[in-house]
Structures are given as structure tokens and as C-alpha cells.
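The values are calculated or read from the model by the stated rules, or taken from the named source; none is laboratory data. Only a predicted model underlies this, so the values are computations on that prediction, with no experimental measurement involved. Don't worry about glycine lacking a Cβ; one is built from the backbone with ideal geometry, like all the others, and counts go over all protein chains shown. What goes into the accessible areas is simple: the full protein's heavy atoms, side chains included, and nothing from ligands, DNA or RNA. Shrake-Rupley method; radii C 1.70, N 1.55, O 1.52, S 1.80 Å.
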Amino acid sequence: MKKPKILGQITLKQVLFFTAVFVSIAHLLVFVGYAVLVALGNGLAMDSYGANGTFQLYNPLRRLLDGEILARDFPFFHGVGVPLLHFPLSYVMGHNLFAVEVAKLLVSPLIFLISSFLVFWAYFKNVKKAVFTTSIFTVISLLCIDAIWAGNSLLGLRTAFPFIAAAFMLWHPDWHVSVGKNKTKISLYYPILYILMGISVACGTEQGLAFILAYVLIRVIQYIRSKEMIKKRVLAFIGELCGVALATYVVLSIMTLGHAHEALYYALVEISSDQGWYFGAPPNSFLQLSNLDQLFTNRMLFYMLPIIISGIVAYIIGIKKALLSKKETFVFSVLLLYGLVVFAVSITGYWAPSAQLIPLERAAGVILMAIVTRVIYKLVQVKKSTSTTTKDKRLSVLAFGLLVGSIIALGYNTAIFLQKIDWMPLGHIITESRKARHSTNDSEYVSTAWKKRLESFAPYIEKGARVWSTYTSVYDSIRQQKNGSSGGEDYIIHALGPARRNRYTQDFITQKPDYAITLSPSYFIYEEWLWTRHWSFYKELQDNYTIIATNDSHVLWKRQASNAAQEKTNHPKHHIQKDANGDYVITAGAANNIRVFEVSVRYSARSVLPMTAKLPRYLLELSGSSLQKHPVSLPQYDTGWSFPVALAPNDSSIRISPKVYSLIPGASLEIQDVSYREVTAQNNLYIYQSNFCLHNANKCEGINKR
């Protein structure tokens, strides 16, 4: 009588596990199908933001198609491997704007699925469990971890390769080659691991470097605890460092066709020198005591922190209860430390914990899912016996319930995706996608908003004219043009470091393009921010160009005739003395029109403590202007800076207050001289009016209908 009962129990478990795998496969296939259709649908009506988004990929891919070489001819901010990863799919799909939009939206989720599956497969050594865990992790990530969809910064893709390297460490294959007459075996494990680390750097510079640093730190602990001779440990450690460095350099050299040095210099010197003062200043937040509350937003409290804390707790329990092997403990330690390093390094630039903690959240989520799934499968498979305790029975029931709940959740999410697919115009998407692959006109497959933007500027730009865009986009691609900067910077924000920034401006001045296109301040909050960082560029615009058209997102400037450009009033320079409060005040009096002043400062910014020069923010806070709201950030490595200050008709003075913000003591800002002079801007006041509208929308009806 007992035999059928046992068979029934076994059959129930088998059915349960089979259902879990079947639903997981169905969920992943439906999700991939949904992602493909979403990518194609969006590609047919590209509606990317005017800055970043699709264009940060399209611009470098256009350059690659024209035979330019990464790092030598143009930089890529997030790592030279990123455009190369998107190149094959974008090429197959037609290597046009449609193709790049599809590649952008599809490569990231596919890489996420692949990297997650590899980690879980290497951990379980079981395809079925890996498929199930990947599917559940995908559901959790869709809800809580912003690592699947591309977004503006492609963060999900950039974080994927450290996890692929971690998967290889978990797998730890015994691959080797035999060399010489004696058939000496040489292991291939470490060379391949170092190559994967190099690829991580190439496909996400700061992510790969953080992973390498985490690996090195954990290895240091292992070497210290080792009982080997000190000399042997030191040599082994130095050998690892050299191996990682050499592999990274080789990977970058292959990707850049021999220009690894230029790629590393841009990433480690030029970007690094400007990361803090340039990006980590208003309107971006920077780390200070007053904004630590960003750690406790709803997203942090209800989504990110629970996963991070749960993952760390699972990691600790896994060690305490011997659920993790030494190898697994090592790999998970590296992943958690990697996430912490990314966060620690990122906050020296701008302060955005909800984005900067994503690598740690993803690492904690992977660890949590791996350990919990292992425990669930283990408990569900436990056979009941007379020796089974009440606690064991309860845990078995809980595990059974979690497995059933997971199956229900996967089925529910699968149904949601199927419903979304059912709502899509599938015939239209497939038919039009076939046509879009062969399109040679990027204006065919853009959104209504972008069509209107293109149409609004088209009558003003003469055929064959040269256009310079601060954010190169579809205005340029429809004319088969690229940005004219000799450094290959398609975005003005990628002209980083003093030399590259000055060369960008000098190229613009020397080449004298017929038209320039900038972003409208009312559309792009960072336009005022750009004025104070690239004033010499915008001053050239004001002096020699006139605004001839605007739309909801962009401003079109036309170069003036030589004689018209020279008709400028030469205003005198005035020096300002510091007042009793330590501020500098420009007293201009009331006027009937907007006035623009060029302010120049000589200063000395110092940080007493070593290795902390990039942490403080040296700001000149402005008050009294209705047209500008953000402080001016001064680079710590420079001693002189110029920037514009605009006064509205009712503004009579502007107060400049030097301030130092730093969590680290010992930072100081000494202002040695402040001077100003009025500059001519009568024909180009729209940008200041638009900036006013950004902060005072209720007072600006009609101003953008120019």
C-alpha cells in the first residue's frame, strides 16, 4: 500500500521540476520575442533623446563604416568594445539609423540573458537549474534591477562582462596545452581569465577596472593567508598583475588596431581628470552630507536595498552553513567587492546612488538567486523519513511553496508579455522592418517629433553647407556629415581634458562651418552647464553666428558674413574687489534688454591631503541673475577660467560667491583676481530666454514659438 504513495510523491516532484523548466524556457523565449519586436518597432520610429541615447552609438558606428579607427580617430566614452559589440547586428540590419536603434535595444537584453545564464550554469553545473534561475532573475531584474534595457548609458551591457568573467572562474575548466618534447602542460585558465578581464575593461572601462581591482584585492588576501614562501607568493602576485595588464593591453590593441595607448589615455587620464569638476557639479548632484537622503528614496528602500541586503545576508549564511565551496566563496566575494568598488569610485564624480549601486545590486541579486535556488531544490528533493524533524518538514514545505510560487510568477509574466505582443501590429512591424533595412534616408524612420524638427530646419540649411552639431544626430546623418572635430568627438562633452577641449574649440573656429546646431536650454537642462565649461566655443557662436531658427529641442545658428561679424562693440574690462563677505559683485544697473558679461577669474584650488585633489568641488555660486541658476565649477588642475553671466532687464547686479564643498578637510579656494566685460549678443538672446523658461515655464508662453 505504501509503494503507490512513494511513486505519487516522486511523480509530483518530477512534474514540478519539469514544469519549472518548461515555464522558464517559455518565459525566456517569449521575453526574447518581445524584446525583438520592441526593438524593431522602436527602430521604425526612432524617438531617442537629443543627447545620448541612440546617437552615442550611431555616431561611432558611422565612423567605423567610413574606415575610421577607434581611439586613433575618435574616442568612445564608455569603452571601445561597446560600439564593436553593436556593430555586427547593426550591420546586418542595414547599418542605418533604424539598424542602430534595433541593435541598441536588443543587444543589451541579450547580453544580460547570456551573462546571467553563464553564471548560473557555472554555479549549478546543470542546464535546467540555470535556465530556471535565469528566468526568475530576469523577472526580478525587470522589476528591481535596471540592468536589462539599454538606457542612456548602456549600464546593463557594461556590467555584463565582469559576470561573464566570474562565470568562467566558477566553471574553472582544466584546459591546457602540451609544449616541448616532454609534453609539459601549460594551463590556459589564467590567460583566458585575464583576456575576459581585458574584454570587461574594453566593454565598460570603469566596470572592468573595478572588477580587476576587486579580483586583485581578494587575491592579495589569499596570498597573505597562503603558507607558501614569501618570495614565491610575491612573484606569483606580480605575475598575475603583469598577466592582467598584458591581456588588457592586447585586447585593447586588437579592438583599436594597435591604438591601445590612446584608448587608455583617454579613459584613465582625460576622462579621469574631468570626472569630478566637469560632471560632478550642478545641475548634477555631488556627494555631501546634505544629499545623503538620496540613499533612502522609494526606489532605494523598496527595490534596491532589499536585494543588496538580502544578497549579502545569503552570502554570509552560505559561508557560515558551508553552502558555498571555497571557489564559490572567492568568486562571490569578488563580485560583491566589485560592486562596492564601482560605487566608491563613481561617487567621486557625480552622486546618483540609484544608478551607481546597480552593479552591487546585480551582484547581490545573482548571489541571492544562486543560493536560494540551490537550497530550494535541495529541500524539495529531501525524502521524508521517521528521522525528519518538524523544522525540516517546515523548510521542505516552504521550499515547495517557493518553487510553486516561482512557477506561477513565471507563468504570469509570460502571459503579460504575450498580451503585449498581441497588442502589437505584428504585420506592420515585420513588413516595414524589411523595408527599413534598405533605407538610405534616416529621416524615413524617425518619430513625428523628430520629423518636425528636421522639417523646421531644412528650409534654412543650404544644400552642401557644412553643419557642426554639439550633439551630432540625425540632422548630420541625413546630410552624410560628421562632426568636424579633429579629435573625432561627436559630442562636445566628450572633448575632455584641457588639450582635447581646446582643440575642439579651435577646430570650430578654424573650420568656420556654415551652420551650428546646439540644444535648446528649455529642452536640455545641461545647456547652461555647457556654457560655463566651454565658454570659448559659445563665445565664438555669439560673436560670429546668428540664431536663425529654433524648434522644441534645438537651436540653429548661421555664420555671419565677415563684415557683419566684425561689427561688435569693444567693451572695456573691469576688475572687481572682494567685499566684506568675501564675494564679488558686478553692479550693472537696470536696462531694457538682456545683457551678457564675460567673467574671468584667476584662482588657486588646493587640497592638502594627498590623493584627494579630485574630491572637493570648487564652485562660484551666482545670485542676482534671473537667467542662470547653476554655480560655475572650476577645475582643480587649472588656474584661470572664463564663463558667461546673463542679466535680465530687471536684474541690476550679480553676486559671485566662491565656495568649497568637500567631505574631506583641507580643501581651499583662493581667488586672486576677478574681472568682467560686457559682450555683444543682441542677435542671440534666445538661448538665455530659453534658459529662463526652463526654470520659469509659467512665465514663458510663446517664447519657444520662434
Let me know the volume per residue of the alpha-carbon convex hull for the range 180-259, in Å³.
-> 114 Å³
Long-range tail of P(r) for the range 604-662 (Cα pairs > 13 Å, %) = 64 percent
Residue-ordered couplings for the range 464-479, obtained by feeding phi - 60° into the Karplus form 6.51 cos²θ - 1.76 cosθ + 1.60 and rounding to whole Hz (Gly and Pro as x), are x, 6, 8, 10, 10, 10, 5, 10, 4, 8, 5, 4, 8, 5, 5, 9
Mind listing P(r) for the range 310-389? All alpha-carbon pairs, 10 Å bins, whole percents.
-> 17, 39, 25, 12, 5, 2, 0
For the range 399-530, which whole percent of the accessible surface, found with a 1.4 angstrom probe, sits on carbon and sulfur atoms?
-> 56 percent
Convert each backbone phi in the range 579-591 into a coupling constant with the Karplus relation 6.51 cos²θ - 1.76 cosθ + 1.60 (shift: θ = phi - 60°), then list the ³J(HN,Hα) values in order as whole Hz, x for Gly and Pro.
-> 8, 5, 8, x, 9, 10, 10, 9, 9, 10, x, 6, 8
Per residue value of the accessible surface for the range 239-293 (all protein chains in place, 1.4 Å probe), Å² | 44 Å²
How large is Rg/Rh for the range 512-561, to two decimals, with Cα atoms and a Kirkwood Rh?
-> 0.96
Check each of the trypsin sites (Lys or Arg not before Pro) in the range 434-463 and keep only those in coil by DSSP with at most 16 other C-beta atoms within 10 angstrom; list them in order.
-> Arg437, Lys463
Beyond 23 Å, what share of the Cα-Cα pairs of the range 383-481 is found? Please give it as a whole percent.
-> 61 percent
Rounded tilt (10° steps) of 81-92 against the dominant C-alpha axis of the chain | 80 degrees
Most to least packed among 100-106, 456-462, 303-309 [average Cβ atoms within 10 Å] = 100-106, 303-309, 456-462
Reviewing (1) -0.37, -1.17, -1.35; (2) -0.27, -0.99, -1.17; (3) -0.30, -1.09, -1.26, the figure for log10 I(q)/I(0) by the Debye sum over Cα atoms at q = 0.05, 0.10, 0.11 Å⁻¹ actually calculated from this model sits under (3)
Helical mean residue ellipticity (222 nm; -39500 (n - 2.57) per DSSP H run of 4+; nearest 500) of the chain = -17000 deg cm²/dmol
To two decimal places, what compactness ratio does the range 496-596 give when its Cα radius of gyration is scaled by 2.2 N^0.38 Å?
-> 1.29
Hits among aspartates and glutamates - C-alpha to C-alpha of Lys185 under 20 Å, sequence gap 8 or more where chains match = Asp174, Glu240
Given the range 569-706, what count of lysine pairs have C-alpha atoms under 19 Å apart, with each pair 8 or more places apart or on different chains?
-> 4
Peptides 121-128, 196-203, 331-338, 389-396 ordered by average Cβ neighbours within 10 Å, highest first | 196-203, 331-338, 121-128, 389-396
By how many degrees, between 0 and 90 and to the nearest 10, does the Cα long axis of helix 426-436 differ from the longest principal axis of the chain?
-> 60 degrees
In nm², the average projected area of the convex hull spanned by the Cα atoms of the range 134-174 is 3.4 nm²
Using only alpha carbons, build the gyration tensor for the range 432-533 and give me the equivalent ellipsoid semi-axes, biggest first, whole Å.
-> 26, 16, 14
Quick one: pull the percent of accessible area on the range 1-145 belonging to carbon and sulfur, 1.4 Å probe, ligands and nucleic acids left out.
-> 71 percent
Karplus-derived 3J(HN,Hα) from phi for the range 102-115 (6.51 cos²θ - 1.76 cosθ + 1.60, θ = phi - 60°), whole Hz, x at Gly and Pro, runs 5, 4, 4, 7, 9, 5, 4, x, 5, 5, 4, 5, 5, 5
Using the structure shown, select from Lys463/Lys558; Lys326/Lys391; Lys321/Lys378; Lys327/Lys393 the pairs with a Cα to Cα distance greater than 19 angstrom.
-> Lys326/Lys391; Lys327/Lys393
Accessible surface, the range 347-447, averaged per residue in Å² (probe 1.4 Å) | 53 Å²
Rounded to 10°, Cα long-axis angle of helix 498-511 versus longest principal axis of the chain | 50 degrees
Using a 1.4 Å probe, what is the accessible area per residue for the range 594-688, in Å²?
-> 39 Å²
Could you tell me which chymotrypsin sites (Phe, Trp or Tyr not before Pro) in the range 575-670 are loop residues by DSSP with no more than 16 other beta carbons within 10 angstrom of their beta carbon?
-> Tyr637
Over the range 224-377, with every protein chain in place, what whole percent of the accessible area is carbon and sulfur at 1.4 Å, could you tell me?
-> 71 percent
Quick one: plug the Kirkwood hydrodynamic radius of the range 249-392 (C-alpha pairs) into Stokes-Einstein at 37 °C, 0.692 mPa s, and report D in µm²/s.
-> 178 µm²/s
Reduced Cα scattering model of the range 27-128, Debye log10 I(q)/I(0), q = 0.23 Å⁻¹ | -1.19
